[in-house]
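*Asks:* Okay, here's the structure, questions in a sec.
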Amino acid sequence: MSDVQRIVEIIKGAGELETLDASQDFYKAGIDSMKAMDVMLQLETDFGVTIPDERFIQARTADALASLVDALRAE
């Protein structure tokens, strides 16, 4: 499973969503701020990174979160 696919699954699980496209704004798909916090914590655990709040808030799609995780791994 690719990082993007794993992130889509994390978001879907947090929001109890049946479907989510990797380029879809997950806030518009039904993720509220509490669920978003669950997403961020799961990403940090699964990918071994610390995600700054301000960078997480700007990444509104699974694709953007995958790019953010890659960038944080490289730092």
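Nothing in this text is a laboratory measurement; each read-out follows from the coordinates by a stated rule. These figures come from a predicted structure and were not determined experimentally. As a convention, Cβ positions derive from the backbone with ideal geometry for all residues, glycine included, and neighbour counts pool all protein chains shown.
*Asks:* Of everything in the stretch 1-24, what is outside any loop (DSSP other than H, G, I, E, B) and touching a Gly at 6+ places or on another chain (Cβ under 9 Å)? Give them in sequence order.
*Replies:* Correct list: G15 only.
*Asks:* Answer yes or no as to whether R55 is part of a helix (DSSP H, G or I) and surrounded by fewer than 19 Cβ atoms within 10 Å (Cβ to Cβ).
*Replies:* So R55 passes the test.
*Asks:* Condition test on D70, is it surrounded by fewer than 18 Cβ atoms within 10 Å (Cβ to Cβ), in a helix (DSSP H, G or I) and either more than 8 Å from the chain's Cα centre (by Cα) or charged (D, E, K, R) (or both)? Write out each step before concluding.
*Replies:* Details: surrounded by fewer than 18 Cβ atoms within 10 Å (Cβ to Cβ): yes; in a helix (DSSP H, G or I): yes; either more than 8 Å from the chain's Cα centre (by Cα) or charged (D, E, K, R) (or both): yes.
Yes, satisfied.
*Asks:* Could you identify the single residue in R55, R60, R73, R6 that is among the basic types (K, R) and out of contact with any helix residue (DSSP H, G or I) (no Cβ under 9 Å at 6 or more places or on another chain)?
*Replies:* Going through R55, R60, R73, R6 in turn, the sole match is R60.
*Asks:* Within the stretch 25-44, take every residue that is hydrophobic (A, V, I, L, M, F, W, C) and in a loop (DSSP other than H, G, I, E, B) and give me the one that is surrounded by the most Cβ atoms within 10 Å (Cβ to Cβ).
*Replies:* The qualifying residue surrounded by the most Cβ atoms within 10 Å (Cβ to Cβ) is F26.
*Asks:* Let me ask something additional. Please count how many residues of the stretch 13-24 are under 15 Å from A66 (Cα atoms) and surrounded by 13 or more Cβ atoms within 10 Å (Cβ to Cβ). Working first, answer last.
*Replies:* To start, the set of residues in the stretch 13-24 that are under 15 Å from A66 (Cα atoms) comprises 20-24.
Next, from what is left, pick out any that are surrounded by 13 or more Cβ atoms within 10 Å (Cβ to Cβ): 20, 22, 24.
Within the stretch 13-24, residues that are under 15 Å from A66 (Cα atoms) and surrounded by 13 or more Cβ atoms within 10 Å (Cβ to Cβ) number 3.
*Asks:* Here is a follow-up. Tell me which residues, restricted to the stretch 42-75, are among the small types (G, A, S) and at negative phi.
*Replies:* From the stretch 42-75, those among the small types (G, A, S) are 48, 59, 62, 64, 66-67, 71, 74; that's our starting set.
Answer for the stretch 42-75, where residues must be among the small types (G, A, S) and at negative phi: A59, A62, A64, A66, S67, A71, A74.
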